[in-house]
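*Asks:* Pasting a structure here, questions to come.
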Amino acid sequence: MRLRIAHTTTYRYEPPASGVIQILRMTPGGHDAQYIADWQIDVSTDSRLDMHQDAFGNITHVLTHGPIADLVIRVEGEIETQDTGGVLKGTEERFPPSLFLRSTDLTELSPAMASFMKELRADAGDDVLGYLHALMMRINEHMTFDADPTNTGTSAAEAFTGKRGVCQDYAHIFIACARAGDVPARFVAGHFWRNDGEENQQAGHAWAEAFVPNLGWVGFDPANAICTTDAHARVAIGLDYLGAAPVRGTRYGGGMETLSVEVRVEQAGRGGYGQSQSQS
């Protein structure tokens, strides 16, 4: 599938900030099932973008600017994807899978999640892939997609207790339960094309990857109850959302900060846009 993606992030500072530093993880990398046909990044300021790779191999750009009232960051491009049944191949893996057993503040396990996980893990026995599929489906059944009650700082335990959240929360719950079952798991930020005719959400998409013996990394999208397909465009990975966030940084001075995000994901050659579910 050929996906055309446009992602715009707009910051407004009232009064103007005296300076900003932003780290952008908005440029996808290639792998066996993902070819970057065209991609460009543009900012509204006369700022230099310093490009490098972070510890996980994500392509990052660092933006710094002095006094500023408005900042618009636009990325746009086309990606060729293939459906591999969720199995990821051809990535540069800088760390052993065991690193992704490490818990974070956003992926800590609560007692209720532990009970939820242990039942599924016991039923699956040595079938790791079966456990992960069952976990994905149970999380999808347990949760209701709702952007109002959670934010980028909501933990897996908080979202699980509330039974509501967005794709980021679904991914964090999946990651926490997978790790507790001794399965390495990591957070993935990207985009998802949908053909159901609904309007675009104001953010990108998020899912998880888990490491399955004799198979490798496999993508699980609990918000949609599917393994990743050619409708998923993979951009960045991390231990949790904070390590893969499209834009993360700080500002100096200024008053109120307003943030807005617009995402469009189109299947090239077809009319209409799909929907990218919210990360926050």
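*Asks:* For ALA223, work out the one condition from (1) in contact (Cβ under 8 Å) with a residue 24 or more places away in the chain; (2) assigned to a loop (DSSP other than H, G, I, E, B); (3) over 12 Å from the mean Cα position of the chain (by Cα) it doesn't fulfil.
*Replies:* Only one criterion in (1) in contact (Cβ under 8 Å) with a residue 24 or more places away in the chain; (2) assigned to a loop (DSSP other than H, G, I, E, B); (3) over 12 Å from the mean Cα position of the chain (by Cα) is unmet by ALA223, namely (3).
*Asks:* Given the options ARG179, ARG121, name the one that is basic (Lys, Arg) and closer than 20 Å to TYR241 by Cβ. First the steps, then the outcome.
*Replies:* Working: ARG121 fails: closer than 20 Å to TYR241 by Cβ.
None of the others qualify; the one that does is ARG179.
*Asks:* From GLY90, GLY86, grab the single residue that is buried (at least 17 other Cβ atoms within 10 Å of the Cβ), under 30 Å from HIS133 (Cβ atoms) and not assigned by TED's automatic domain parsing to the domain that holds LEU259.
*Replies:* Exactly one residue qualifies, and that residue is GLY86.
*Asks:* Looking only at region 1-29, which residues are out of contact with any helix residue (DSSP H, G or I) (no Cβ under 8 Å at 6 or more places or on another chain), more than 17 Å from ASP46 (Cα to Cα) and not hydroxyl-bearing (Ser, Thr, Tyr)?
*Replies:* If the condition is that a residue be out of contact with any helix residue (DSSP H, G or I) (no Cβ under 8 Å at 6 or more places or on another chain), more than 17 Å from ASP46 (Cα to Cα) and not hydroxyl-bearing (Ser, Thr, Tyr), then MET1, ARG2, LEU3, ARG4, ILE5, ALA6, HIS7, GLU14, PRO15, MET26, PRO28, GLY29 are the ones that fit.
*Asks:* From the residues in region 116-175 that are among the hydroxyl-bearing types (Ser, Thr, Tyr) and more than 20 Å from the chain's Cα centre (by Cα), which one is surrounded by the most Cβ atoms within 10 Å (Cβ to Cβ)?
*Replies:* In this case the residue turns out to be TYR131.
*Asks:* Which fully enclosed helices (runs of 4 or more DSSP H) of region 127-210 have 1 or more residues being in contact (Cβ under 8 Å) with a residue 60 or more places away in the chain and over 20 Å from ARG234 (Cβ atoms)?
*Replies:* Working: elements: 128-142, 156-162, 167-180.
Fully inside region 127-210 and qualifying: 128-142, 167-180.
*Asks:* Separate question: Does region 130-144 contain any residue that is within 21 Å of GLY86 (Cβ to Cβ) and among the polar types (S, T, N, Q)?
*Replies:* Yes, the conditions are met somewhere in region 130-144.
The values are calculated or read from the model by the stated rules, or taken from the named source; none is laboratory data. Computed from a prediction, not measured in an experiment: that's the story for all the values here. Note that we place each Cβ from the backbone using ideal geometry, even for glycine, and neighbour counts take in every protein chain shown.
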